[in-house]
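Peer 1: My questions all concern the structure below.
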Amino acid sequence: MPPARVLAVEELVARARSLADAGPRQLLGITGAPGAGKSTLAERIVAEVGPSARLVPMDGFHLAQSELVRLGRADRKGAVDTFDANGYVSLLRRLRRLEPTSVYAPEFRREIEEPVAGAIEVPPSVRLVVTEGNYLLVPDFPWQEVRTLLHEAWFLDLDVELRQRRLTARHEAYGRSPEQARAWALGSDEANATRVVPTADRADLVVRLPDPPVT
């Protein structure tokens with residue numbers, strides 16, 4: 001992995017604002033291993049930039065649970081082949097070309113563990129789209145097109161032990177037992193991290209936060 005720069009959230013917000021000012025619409029991708037704090041950082045940036053920014057997470061393109069069961073992939077939900085990658089790429093294309101009407105994106109709802117279509121409106125007035133997820137820099141088809149559609153890509157780095165502790169706590173918060181939560185964090189999640197970490201060299205910026213956010 002390229003060396004990480006330690007930057008405060010305020011510095012990253014300023015960088016995002018400068019990107020938005022480049023207009024007419026810019027796409028910023030935030031990636032990293034599971035539990036690195038991507039969603040929290042992305043939410044903070046969108047909140048700070050204001051109404052001209054919108055968050056469109058990759059997680060909205062999770063395959064439905066029934067489809068994962070049919071494909072035999074339910075026990076590794078979150079792996080690279082448990083997403084509708086082509087759908088995600090198609091949405092990013094639409095967002096980048098700035099259509100004259102609103103574009104609607106799906107949203108993943110953790111309380112039901114399912115994606116919900118048409119949950120996020122991106123009107124033409126939005127100048128900065130922030131998208132976050134594990135696989136934004138994966139070089140394999142069809143994911144490799146994501147990088148070409150992003151105006152800028154950041155890789156969020158975090159100490160492995162801290163990341164695993166946070167993942168375990170997250171899984172417990174959503175109903176898994178402590179044993180199940182730790183097994184998932186050290187098993188499926190860590191397998192996905194192994195796939196993601198080598199993609200850091202495709203990012204414009206590898207960053208560590210001085211006070212890492214809770215995911």
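The values are calculated or read from the model by the stated rules, or taken from the named source; none is laboratory data. Small disclaimer: the values here were computed from a predicted structure and weren't measured. Glycine gets a Cβ as well: all are built from the backbone with ideal geometry, and neighbour counts include every protein chain shown.
Peer 1: Could you tell me which of the residues P115, P124, P106, P139 is of a type outside the set (K, R) and in contact with a His (Cβ under 7 Å, 6 or more places away or on another chain)?
Peer 2: Numbers: P124 fails: in contact with a His (Cβ under 7 Å, 6 or more places away or on another chain); P106 fails: in contact with a His (Cβ under 7 Å, 6 or more places away or on another chain); P139 fails: in contact with a His (Cβ under 7 Å, 6 or more places away or on another chain).
Result of the check over P115, P124, P106, P139: P115.
Peer 1: Mind checking which pairs have a first residue in region 148-168 that is part of a helix (DSSP H, G or I) and among the β-branched types (V, I, T) and a second that is at pLDDT 85 or above and surrounded by fewer than 22 Cβ atoms within 10 Å (Cβ to Cβ), Cβ under 9 Å, 6 or more apart or different chains?
Peer 2: That search, which allows pairs on different chains as well, returns V160/E190; V160/A193.
Peer 1: Tell me yes or no: at least one residue of region 126-133 is under 23 Å from V49 (Cα atoms), within 16 Å of the chain's Cα centre (by Cα) and among the charged types (D, E, K, R). Give the steps one after another, and end with the answer.
Peer 2: Taking region 126-133 first, the residues under 23 Å from V49 (Cα atoms) are 126-133.
Within this subset, residues satisfying the condition of being within 16 Å of the chain's Cα centre (by Cα) are 128-133.
From what is left, the residues that are among the charged types (D, E, K, R) are 132.
Yes, there is a match, as at least one residue in region 126-133 is under 23 Å from V49 (Cα atoms), within 16 Å of the chain's Cα centre (by Cα) and among the charged types (D, E, K, R).
Peer 1: Also, I was wondering about something else. Can you tell me which residue within region 183-201, out of those that are free of Cβ contacts under 8 Å to residues at least 24 places away in the same chain and of a type outside the set (S, T, N, Q), is farthest from Q144 (Cα to Cα)? If you could, list the steps in order and put the result at the bottom.
Peer 2: Here is the first cut: in region 183-201, the residues free of Cβ contacts under 8 Å to residues at least 24 places away in the same chain are 183-184, 186-187, 194.
Still in the running and of a type outside the set (S, T, N, Q): 183-184, 186-187.
Working: A183: 30, W184: 27, L186: 27, G187: 25 Å.
Filtering first and then ranking leaves A183.
Peer 1: Of the residues E152, E179, E145, which single one is at pLDDT 85 or above and out of contact with any strand residue (DSSP E or B) (no Cβ under 8 Å at 6 or more places or on another chain)?
Peer 2: Working: E152 fails: out of contact with any strand residue (DSSP E or B) (no Cβ under 8 Å at 6 or more places or on another chain); E179 fails: at pLDDT 85 or above.
Going through E152, E179, E145 in turn, the sole match is E145.
Peer 1: Closer than 25 Å to V13 by Cβ, in contact with a Gly (Cβ under 6 Å, 6 or more places away or on another chain), in contact (Cβ under 8 Å) with a residue 40 or more places away in the chain and among the basic types (K, R), is that true of R127? So that I can check it myself, show each step before the final result.
Peer 2: Working: closer than 25 Å to V13 by Cβ: yes; in contact with a Gly (Cβ under 6 Å, 6 or more places away or on another chain): yes; in contact (Cβ under 8 Å) with a residue 40 or more places away in the chain: yes; among the basic types (K, R): yes.
Yes; evaluated as a whole, the condition is true for this residue.
Peer 1: Determine which member of the set V9, V49, V13 is closer than 22 Å to V196 by Cβ and not basic (K, R). Before you say what the answer is, go through the steps one by one.
Peer 2: Values: V49 fails: closer than 22 Å to V196 by Cβ; V13 fails: closer than 22 Å to V196 by Cβ.
On inspection, the qualifying residue turns out to be V9.
Peer 1: Would you pick out the residues in region 111-134 that are in a strand (DSSP E or B) and either at pLDDT below 95 or not β-branched (V, I, T) (or both)?
Peer 2: Let us first name the residues in region 111-134 that are in a strand (DSSP E or B), namely 114-122, 128-132.
Passing the criteria: E114, P115, A117, G118, A119, E121, L128, E132.
Peer 1: Next question, about the same structure. Which condition number does R182 fail, the rest of (1) out of contact with any Ser or Thr (no Cβ under 6 Å at 6 or more places or on another chain); (2) surrounded by fewer than 21 Cβ atoms within 10 Å (Cβ to Cβ); (3) not hydroxyl-bearing (S, T, Y) being met?
Peer 2: Every condition holds for R182 apart from (1).
Peer 1: Just the residues that are touching a residue at least 24 places away in the same chain (Cβ under 8 Å) and either among the hydrophobic types (A, V, I, L, M, F, W, C) or not in a helix (DSSP H, G or I) (or both), please, taken from region 169-182. Can you show your working first?
Peer 2: Here is the first cut: in region 169-182, the ones touching a residue at least 24 places away in the same chain (Cβ under 8 Å) are 170, 174.
Once the filter is applied, which keeps residues that are touching a residue at least 24 places away in the same chain (Cβ under 8 Å) and either among the hydrophobic types (A, V, I, L, M, F, W, C) or not in a helix (DSSP H, G or I) (or both), region 169-182 yields only Y174.
Peer 1: Next question. Would it be correct to say that L137 is on the phi > 0 side of the Ramachandran plot, assigned to a loop (DSSP other than H, G, I, E, B) and either surrounded by 13 or more Cβ atoms within 10 Å (Cβ to Cβ) or in contact with a strand residue (DSSP E or B) (Cβ under 9 Å, 6 or more places away or on another chain) (or both)? Lay out the reasoning, then the answer.
Peer 2: Numbers: on the phi > 0 side of the Ramachandran plot: no; assigned to a loop (DSSP other than H, G, I, E, B): yes; either surrounded by 13 or more Cβ atoms within 10 Å (Cβ to Cβ) or in contact with a strand residue (DSSP E or B) (Cβ under 9 Å, 6 or more places away or on another chain) (or both): yes.
Taking the combined requirement at face value, the residue does not satisfy it.
Peer 1: Also, quick follow-up: Pick from R94, R73: which is closer than 27 Å to L19 by Cα, of a type in the set (K, R) and free of Cβ contacts under 8 Å to residues at least 24 places away in the same chain? Working first, answer last.
Peer 2: Values: R73 fails: closer than 27 Å to L19 by Cα.
So the residue among R94, R73 that is closer than 27 Å to L19 by Cα, of a type in the set (K, R) and free of Cβ contacts under 8 Å to residues at least 24 places away in the same chain is R94.
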